[in-house]
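Scroll down for the structure; my scribbles are underneath it.
Every read-out reported here was derived from the displayed coordinates using simple, explicitly stated rules and does not represent laboratory data. Only a predicted model underlies this, so the values are computations on that prediction, with no experimental measurement involved. Glycine gets a Cβ as well: all are built from the backbone with ideal geometry, and neighbour counts include every protein chain shown.
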Amino acid sequence: MVRQLTEIGNNYLRRCHAQVVRCGQAFRDWFQELRSPLVSQTRGVKLLREWLSPEQLTQYDATGYFHVIGSESGKRYRICHGTAMNIYEIDLAGNPRNGLCFVPNAPLVAGDVMLAQKIALETDERGALVVAKKFSPSASAFANTAIARQRVNRIG
Amino acid sequence: MATQIIMDRTGDTRHYFDAKDPQALLKAEERFKELTLVGFTAAVRTSPGEAALTRRFDPTAEETLFFPRLVGG
């Protein structure tokens, strides 16, 4: 009788233990899935920060964008935090002239995209402009800078 | 330690290797060729904030960054 009760108890405990292990694993998977995009975003911004010049880094931290000088034309471009339609050719007064869109052909986080854009414009401007699609910069485009800064602050 | 940094959906993947180790150097060169062959662009950091594109494996480069081919968005 005692042996039977012990066996029943042990079986019950084993089932409970297995259930707890399964729940724990499911929770770990769910949590990993939840936090992985944020980890990727953070890693992308970290890489970008490592490759920006001190001036660009200061500007990026303060505004959410940074300026680069085109390797061939000497034109100034503003790269805003984002993954598409985030580059503006700007004039001496700092006003947008043209919007440019070119991105790596793989799904990358914002920091990576911006770094690829920076290197392309600073080392092979012509090549970047060949593939870039132009868009008309709207007045609201520069207002997006504030949104970008909020995003950067959330990530960084 | 030299580093090869490959941009990917996780942010990046880094491969560290000892540039004085011929085996490690060979592996790094193979990785360079494989990546550039499938369209990745390689850039080495020349000074803080400055980079140069490279089409050949540079065994003396401290840091080489690989990013996918650029296309119009």
- Message: To check my understanding: the extent here is largest minus smallest coordinate of the Cα atoms along each principal axis. What are those three numbers for the protein assembly as shown, in Å, largest first?
- Response: 92, 52, 29
- Task: Within 10 Å of each Cβ in peptide B:44-55, how many partner chain Cβ atoms are there on average? Round it to a whole number, please.
- Result: 4
- Task: Obtain the nm distance between the two label points defined at A:S138 and A:N10 by a simple spin-label model: each point lies 7 Å from its Cα along the Cα-to-C-beta direction.
- Result: 7.1 nm
- Query: Normalized C-alpha radius of gyration of region B:2-67, against 2.2 N^0.38 Å?
  - Reply: 1.03
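What pairs from A:K75/A:K133; A:K75/A:K118; A:K46/A:K134; A:K46/B:K27 go past 24 Å between their alpha carbons?
Details: A:K75/A:K133 17 Å; A:K75/A:K118 13 Å; A:K46/A:K134 29 Å; A:K46/B:K27 26 Å.
Result: A:K46/A:K134; A:K46/B:K27 exceed 24 Å.
Please compute the length gained on full extension between A:R22 and A:Q59, using 0.36 nm multiplied by the number of residues separating them and subtracting their Cα-Cα distance. Each step should come with its number before you reach the end.
Details: separation 37, 0.36 × 37 = 13.32 nm, distance 4.80 nm.
So the chain would gain 8.5 nm between A:R22 and A:Q59.
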